[in-house]
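One structure below.
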Amino acid sequence: MAVKIITDSTVDMPEKNSSHFTVVPLTVSFGETDYTDGVTINKQEFYRKLVSCPELPKTSQPSPEAFATVFRQMHEQGDEAVVITVSSCLSGTYQSACIAAEDYPNIRVVDSMNVSIGSGVLAEYAWRCASEGMGLDELAQHLSKQRDSIRLVAMVDTLEYLKKGGRVSGVAALAGGILGVKPVLTAKDGMLAVLGKARGSKKANNLLAEQIRQDGIDFSMPHLLGYTGLSDDMLRQYMEDSKYLWKDHTDDLDCVLLCSVVGTHAGPGAVAVAYFKSSDVQ
């Protein structure tokens with residue numbers, strides 16, 4: 001039997017692939033009300049609440065017992081599994097999974113060192129490798145190497161949400177909020193870093209596209225686009241502005257609405273791209 005793939009709910013992937021994965025959810029809280037990410041609140045409901053709620057919601061990691069419940073099921077079924085989590089630098093989710101895995105020799109935990117669709121393309125690749133027969137230890141080691149080839153780039157409408165959630169410094173947030181400047185972010189060493197800033201969405205889209213052009217995309221590997229908020233208008237504008245990157249390589253770009261935990265920190269109006277960098281580009 002193929003090695004199973006477990007993720008946490010921040011690992012954003014197309015819904016058409018959801019049956020390939022077992023998901024351990026995080027929690028998002030509006031005031032005193034807790035919601036299980038993707039279970040008791042869906043993405044559309046979350047973003048409606050986000051824009052109407054005066055206070056930023058809070059997020060919390062799964063407990064070790066939440067992971068252990070899934071691991072027990074895998075053990076009882078005689079399955080082996082690799083767990084892929086959001087970066088340990090951004091959440092305690094990886095630590096919870098590691099604590100739970102101590103009692104299960106059939107489980108390996110991999111820190112994606114990324115977030116959202118950056119973790120998602122690694123999970124999709126993991127499923128592909130498992131389906132082709134790669135074994136448990138080999139797969140975990142292989143993913144720990146391949147994660148370094150993943151690039152996540154994102155334009156956010158404001159850094160204010162990330163500042164409130166403690167994911168960027170106040171100085172960076174201030175610089176990102178001046179005169180319509182749109183920050184462009186990347187995941188670096190497991191953390192979020194400001195890659196650049198552009199005045200207006202059009203220039204920010206060009207900055208995203210230029211970074212992708214410099215990296216080059218390995219189109220033989222998973223790649224994914226995502227957005228936050230109640231409308232995908234910003235994503236569609238980005239796709240139009242950057243179509244030269246894709247048109248000769250793929251006829252169909254998978255796009256996803258990012259989960260509630262990621263949306264809490266990114267805020268509405270974000271656009272993100274994740275891909276494996278081409279080995280042909282130095």
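Details
- The stretch 4-148: relative contact order in percent, alpha carbon pairs under 8 Å with at least 6 residues between: 27
- The stretch 221-235 versus the stretch 36-90: alpha-carbon centroid distance in Å: 20
- Residue-span extension gain [K188 to S19] - 0.36 nm each, minus C-alpha spacing: 57.9 nm
- Antiparallel content of DSSP bridges confined to the stretch 4-148, in %, to 5: 35
- Excluding same-chain neighbours fewer than eight residues apart, the lysines reachable from K277 by a Cα-Cα span under 21 Å are K145, K188, K243, K247.
- Those aspartates and glutamates that a straight Cα-Cα span of less than 15 Å connects to K203, excepting residues fewer than 8 apart in one chain: D157, E240, D241
- Among 221-233, 79-91, 237-249, 23-35, the peptide with the highest mean count of other Cβ atoms within 10 Å heads the list, and the full ranking is 79-91, 221-233, 23-35, 237-249.
- Of the Cα atoms belonging to the chain, the radius of gyration and Dmax stand at 18.2, 58 Å.
- Taking the Cα centre of the stretch 4-148 as origin and assigning +1 to Lys and Arg Cβ atoms and -1 to Asp and Glu Cβ atoms, the resulting dipole is close to 380 debye.
Rule-based calculations on the coordinates, nothing more; no lab input. Nothing here was measured: the structure is a model prediction, and the numbers come from that model. Note that we place each Cβ from the backbone using ideal geometry, even for glycine, and neighbour counts take in every protein chain shown.
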